[in-house]
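J.: Please see the structure below; I have some questions.
FYI, it's all coordinate maths here, none of it is from the lab. All values derive from a computational prediction rather than experimental measurement. So basically every Cβ, Gly included, is an ideal-geometry build from the backbone, and we count neighbours across all protein chains shown.
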Amino acid sequence: MGKDTIVIGVIGSDCHSVGNKILELFFTSEGFKVVNLGVMVSQQEFIDAAIETNAKAILVSSLYGHGEIDCQGFRDLCLEKGLDPIVLYVGGNLVVGKTPFSVVEEKFKRMGFDRVFTPDIDLKQVAELLRQDIKEKFGSSLNGQENKSQSNQNKQLSQAAQADQNNRQEPEGSRTK
Amino acid sequence: MKTVISIDIGSTWTKGAAFALTGSGFELKEKISVPTTQDNLVVGFHETLARLLHQDPLTPLEQLKGLSEIFFSSSAKGGLKIAAIGLVPDLTLQLARLAAMSAGGKVVKSFSFALTGGDVSELEKLNPDIVLFSGGTDGGNSKYILENAKKLQSSRLSCPVVYAGNRAVAEDVLNIMKSREVVVTENLMPEVGQVNIEPVREKIREIFLKRIVAGRGLAEIVDLFGSQPKPTPLAVFELISVIPEFYQDWSDLAVIDIGGATTDFYSNTESYLETDTVVLKGIREPKVKRTVEGDLGLRVSARSLFETGQSYLEDRLREEGFELKEMEEFVDRISSRLDYLAESQTEKILDQILAEACVYYAVLRHSGGWREVYTPQGRVYVQTGKDLRRVKAVIGSGGFLSGEKSTAVMAIPLKKLRNYGEEKKLLPDCPSFYRDRHYLFSVLGNLVEKYPQEAASLAVASVENLSQKGENHD
Ligand code: B12
């Protein structure tokens, strides 16, 4: 308790697992509660895990060069599911070919990511930014953030309920996967 | 030599068996069934016991009591109805459903996210025996939980609520639901993907017992014999849990039981084997798993089976040269008659096709699947749900399958499932088919707690291998 939960994972069909393990160890040592979904994670899985754990941030990795396609619509899906204020970061090998980083960064920001990182980023700096961003969006970071964030959740609730209305009830016997 | 008696009070039949306990284990001496006496279960129980002990049926129960060791189970009227509430459908809700079914219950409805006014009135109408209330990891989401707790508190529901959600707000839930019977247990998903359903199962079992025992005379039997009945599905669950502990050859097995009202499927096999090329998504399901399908059954549920199973039925009827209409008429005839026995050759075939459809949809829902993903370094499989590929033995039990000597009812639907949709289903690779020839599993399950090895031993010895005889329909 009293730790901010963050969800991490490698998106799409991407199997690069080494960096993901490092991120888990690093952010845990920085005092976050890390929920690591591993490799080949879909947008839906990131969001499901964030809802159950009341996460403050999702850190998406993409190493294999298809990040742009895999991340399309991520923020929209978060909004759809009622995760409005959640902090969204993306990092890894996002630059393909000779495109300058600033152009790539701009693309991902337009998709709704709050920050975009290159593979050589100093992770200490990322942790600092993350604490700041969580504080900004949720009122406070780490211990004692409970009330504010719960009331934020409160606001999301009605929207989430609305959004899930369509497919949330499964009649017995017609379970589909 | 000692005699041990086991009696299972089902919704239609009260089945009893007498076993001789010798140095080498159990031996079946006699097996009988009498119609269940719905208003007072003691009457049928008494008759079964007296007959198994070869005593005058008028001998008072107290006098029969000392004559042998007695175990019993009851399915309670129609099984235990559970409404499952979770947060995300693929996470806590999925686990809540699994826990409910593995505890011997029947899930009448599932709800995810926030309950609406409509959901609450539906819950009231369904009038379940238990509401299983979960959601959120420990220290995780609480908003939906507290919101749902308030809705449940102000509802007209009267059944007990088992709370197995975010532990951090368990006390708040108790406070909000002050005027309700709320039993708090461990979170069924303390961390994302971590499965913890044993404590919930235990709590459901306790409530189940209270309910079975209440009314219809069972309390009298409990008082007299000083032991509690077992919920029938739990008895089978325990039997299939214990078999591989004593018999490694039976390490990966599945049991299917088609009844008039429900179809139960049990599996005991590792749900996921980690390899470089298979990635598991969602929760890792438990090794021993039970699912029960309330819309699949041969008599009471024949109508709903006809609707659910339309596409399978059409396909098979065409192959066997029947019209859908003939099946519909047959279904109309049998669905109001609990103990109707198929008479003509045609009816027998129709009955068999219905049973196949029960197998088809029960396995479809119980088993996981995988999707192929092409990555530049080759193919990778993304698995969801339970992998049944290693299952070597599929055993048919229950009134219908125990009497079925051909593999067809199980083998045909499994074969058809191989071509199901785009997702590959993780079905038993090349199973042998067996039948619980004397329909002993439920009565043997009652003995597992006290005589695990002896019960497992007789279960294994009494099944008949159908595959050895080839595919002929005799
Ligand atoms: C090892 C490796 C593999 C192994 C992976 C084994 C495994 N289990 O992980 C294998 C052989 C399987 C593999 C396969 C492929 N690979 Co490869 N692989 C590499 C390699 C050599 C090292 C990756 C690594 O582990 N680095 C070490 C870790 C610590 O660093 P990292 O992954 O970058 O993660 C750090 C940072 O990026 C950052 N970070 C990551 N995510 C995030 C997120 C946030 C929010 C933040 C703040 C930071 C952050 O922090 C991490 C920790 O420090 C790289 C080249 C390289 N030197 O990077 C190529 C590389 C990643 N692979 C590449 C390619 C193309 C592939 C393949 C598509 C092609 C192929 N020919 O096989 C396949 C894809 C398979 C798949 N479906 O994913 C390209 C990607 C090109 C691109 N994006 O434009 C690279 C860059 C090689 C290259 N120069 O071409 N690969």
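J.: For region B:362-457, what is the Kirkwood hydrodynamic radius in Å, using each pair of distinct C-alpha atoms?
T.: With all distinct Cα pairs of region B:362-457 included, I get 15.6 Å.
J.: Moving on. Rank the residues B:441, A:101, A:117 as a footprinting-exposure proxy: fewest other Cβ atoms within 10 Å of their Cβ go first.
T.: Least crowded to most crowded, the residues run A:101, A:117, B:441.
J.: Per-residue mean of other chain beta-carbon atoms within 10 angstrom of the beta-carbon, peptide B:403-412?
T.: 0
J.: Please list, or write none, the aspartates and glutamates whose alpha carbon is within less than 17 Å of the alpha carbon of residue A:3, excluding same-chain residues fewer than 8 places away.
T.: Result set, ordered by chain and number: A:24, A:30, A:52, A:128, A:133, A:136, A:146, B:138, B:191.
J.: Indicate the gyration tensor shape class of region B:234-469 (rounded, prolate or oblate), computed on the Cα atoms with a ≥ b ≥ c the square roots of the eigenvalues: a/c under 1.5 is rounded; otherwise a/b larger than b/c is prolate and the rest oblate.
T.: Cα axes put region B:234-469 in the oblate bin.
J.: Next question. Give me the distance in nm between label points sitting 7 Å out from Cα along the Cα-to-Cβ direction at residue B:416 and residue B:65, one decimal.
T.: 5.2
J.: Could you tell me whether region B:175-333 comes out rounded, prolate or oblate from its Cα gyration tensor? Rule is a ≥ b ≥ c as square roots of the eigenvalues, rounded for a/c under 1.5, then prolate if a/b exceeds b/c, otherwise oblate.
T.: Here region B:175-333 falls in the oblate category.
J.: For Cα pairs less than 8 Å apart in space and 6+ apart in sequence, what is the mean separation divided by the residue count of region A:5-140, i.e. the relative contact order in percent?
T.: Working: 217 pairs, mean separation 33.0, N = 136.
Dividing the mean separation by the residue count of region A:5-140 yields 24 percent.
J.: By how many nm would the segment from residue A:99 to residue A:28 grow when fully extended, if each residue of separation counts as 0.36 nm and the alpha-carbon distance is taken off?
T.: Details: separation 71, 0.36 × 71 = 25.56 nm, distance 3.32 nm.
That pair, residue A:99 and residue A:28, stretches by 22.2 nm at full extension.
J.: Compute the projected area of the convex hull of the Cα atoms of region B:80-210, averaged over all viewing directions, and report it in nm² to one decimal place.
T.: 6.4
J.: How big is D, in µm² s⁻¹, for region B:93-133 by Stokes-Einstein at 20 °C and 1.002 mPa s if Rh is the Kirkwood radius over C-alpha pairs?
T.: Rounded, D is 197 µm²/s.
J.: How would region B:54-123 be classified by its alpha-carbon gyration tensor: rounded, prolate or oblate, with rounded meaning a/c under 1.5 and the a/b versus b/c comparison settling the rest?
T.: Prolate shape, in that a/c is at least 1.5 and a/b is the bigger ratio.
J.: Which pairs break 22 Å Cα to Cα here: B:29/B:348; A:56/A:124; B:106/B:405?
T.: Long pairs (Cα-Cα over 22 Å): B:29/B:348; B:106/B:405.
J.: Separate question: Find the relative contact order for region B:2-75 and round it to a whole percent, using C-alpha pairs within less than 8 Å whose residues are 6+ positions apart. Provide the component values of the computation, followed by the final result.
T.: Details: 134 pairs, mean separation 27.6, N = 74.
For region B:2-75, the relative contact order is 37 percent.
J.: Here's another thing I want to ask about it. Taking only the C-alpha atoms, wrap a convex hull around region A:95-141 and report its volume per residue in Å³ as a whole number.
T.: 71
J.: Next question. Per residue of B:34-47, what is the mean number of Cβ atoms on other protein chains within 10 angstrom of that residue's Cβ?
T.: That works out to 0 on average.
J.: Which value results for Rg/Rh of the protein assembly as shown when Rg is the Cα radius of gyration and Rh the Kirkwood radius based on the inverse mean 1/r?
T.: 1.02
J.: What number, in percent, do you get for the relative contact order of chain B if the mean sequence gap of Cα pairs under 8 Å and at least 6 apart is divided by its residue count?
T.: Worked out over chain B, it gives 14 percent.
J.: Given A:125, A:37, A:13, which one lies farthest toward the positive end of the charge dipole of region A:5-140, if we put +1 on the Cβ of every Lys and Arg and -1 on the Cβ of every Asp and Glu?
T.: Among A:125, A:37, A:13, the one farthest towards the positive end of the dipole of region A:5-140 is A:125.
J.: Then there is this: Return the calculated 222 nm mean residue ellipticity for chain B, to the nearest 500 deg cm²/dmol, obtained by summing -39500 (n - 2.57) across DSSP H runs with n ≥ 4 and dividing by the residue count.
T.: The per-residue figure over chain B is -11000 deg cm²/dmol.
J.: Same structure, new question: For peptide B:85-97, how many partner chain Cβ atoms fall within 10 Å of a residue's Cβ, on average?
T.: What the average comes to for B:85-97 is 3.
J.: If you don't mind, another one. For the residue pair residue B:453 and residue B:315, what label-to-label distance in nm results when each label sits 7 Å from Cα along the Cα-to-beta-carbon direction?
T.: For residue B:453 paired with residue B:315, the spin-label model returns 4.6 nm.
J.: Over the alpha carbons of region B:289-330, what is the largest minus smallest coordinate on each principal axis, giving the biggest first in Å?
T.: 36, 20, 12
J.: Then there is this: Remind me, what semi-axes does chain B give for its equivalent ellipsoid, largest first in whole Å, using sqrt of 5 times each Cα gyration tensor eigenvalue?
T.: Working: eigenvalues 227, 187, 104 Å².
In descending order, the three semi-axes are 34, 31, 23 Å.
J.: Within the set A:21/B:289; B:287/B:415; B:81/B:325, which residue pairs have Cα atoms separated by over 26 Å?
T.: A:21/B:289; B:81/B:325
J.: Just for chain B, what percent of DSSP beta bridges are antiparallel, to the closest 5?
T.: 55
J.: What fraction of the Cα pairs in region B:188-269, stated in percent, has a spacing above 19 angstrom?
T.: Value for region B:188-269: 58 percent of Cα pairs lie more than 19 Å apart.
J.: May I ask for the equivalent-ellipsoid semi-axes of region A:1-92, computed as the square root of five times each C-alpha gyration tensor eigenvalue and listed largest first in whole Å?
T.: Details: eigenvalues 71, 62, 17 Å².
The three semi-axes for region A:1-92 are 19, 18, 9 Å.
J.: Let me ask something else. Quick one: putting +1 on the C-beta of Lys and Arg, -1 on the C-beta of Asp and Glu, what dipole do you get for region B:59-153 around its Cα centre, in Debye to the nearest 20?
T.: Dipole size: approximately 180 debye.
J.: Now for a separate question. Listing B:189, A:40, B:101, A:111 from the residue with the fewest other Cβ atoms within 10 Å to the one with the most, what is the order?
T.: Ascending Cβ contact count within 10 Å gives the list A:111, A:40, B:101, B:189.
J.: Counting pairwise Cα distances across region B:410-474, what percent come out greater than 18 angstrom?
T.: Tail of the P(r) past 18 Å holds 54 percent of the pairs.
J.: Moving on to the next point. Quick check on the exposure proxy: order B:451, B:144 from fewest to most C-beta atoms within 10 angstrom. If you can, show how the numbers build up before the last one.
T.: Numbers: B:451 20, B:144 30.
With the sparsest Cβ surroundings first, the list reads B:451, B:144.
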